[in-house]
């Protein structure tokens, strides 16, 4: 049984146990109302104060997590920023990207970009983000038809475009934004806080253990 079929089978059993029709996987209006009521009756717990500029706080926290950051004025500046980052580290100028980034002038910056899911040979992945959280310097990525999760997980180098207007204070705000704009969660929600890492071997931190060796963020102030 492939993973998609297995997932359908598991979810069908869960819906059956809940008394929901197996042929109706989407939440009913009654179920949505119940969730909204639950959230309304369970306010957020205490949160540490986050003072000052959210963008500056995000940059500071991201750098603490070994994310490198560049800041540009407008979206048109993104390809050149990505090219500078790759050139400075002698990294490949070939990349794969989310389809949502197809309108950018990558070729004009000297980059060869394919808009498809990454394969084993692809070393650089370009993505956007749904939003980012200032409290922890984290990228919030939602999977979709044009924003595949593998784009940020498989390539050794992950470059993410982060509009300054999409930086929120904390994870609670990120989930509230998802509910307000999407209504329900997609198949995958990934929180990316710097490069992949592990400390399993003698508690020594090793980057790139389960994903990208490098995470680079381009913050766009005019977006």
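What follows draws every value from the coordinates through simple rules; no lab data is involved. Just so it is clear, the model here is predicted, and its values are computed rather than measured. Here the Cβ positions follow ideal geometry from the backbone for every residue, glycine too, while neighbour counts run over all protein chains shown.
The table below lists the values:
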| read-out | value |
| --- | --- |
| Sequence of 111, 50, 123 once ranked by neighbouring C-beta atoms within 10 Å, starting from the fewest | 50, 123, 111 |
| GNM top mover of 16, 176, 152 - the chain, alpha-carbon springs below 10 Å | 16 |
| Relative contact order (%) - criterion: Cα under 8 Å, at least six apart; region: the chain | 22 percent |
| Degrees separating the helix 54-64 axis from the principal Cα axis of the chain, which is the longest one | 70 degrees |
| Degrees separating the helix 3-17 axis from the principal Cα axis of the chain, which is the longest one | 30 degrees |
| Percentage of interatomic Cα-Cα distances in the chain larger than 24 Å | 51 percent |
| Where only alpha carbons of the stretch 103-223 are counted, the Rg and the Dmax (Å) | 15.0, 46 |
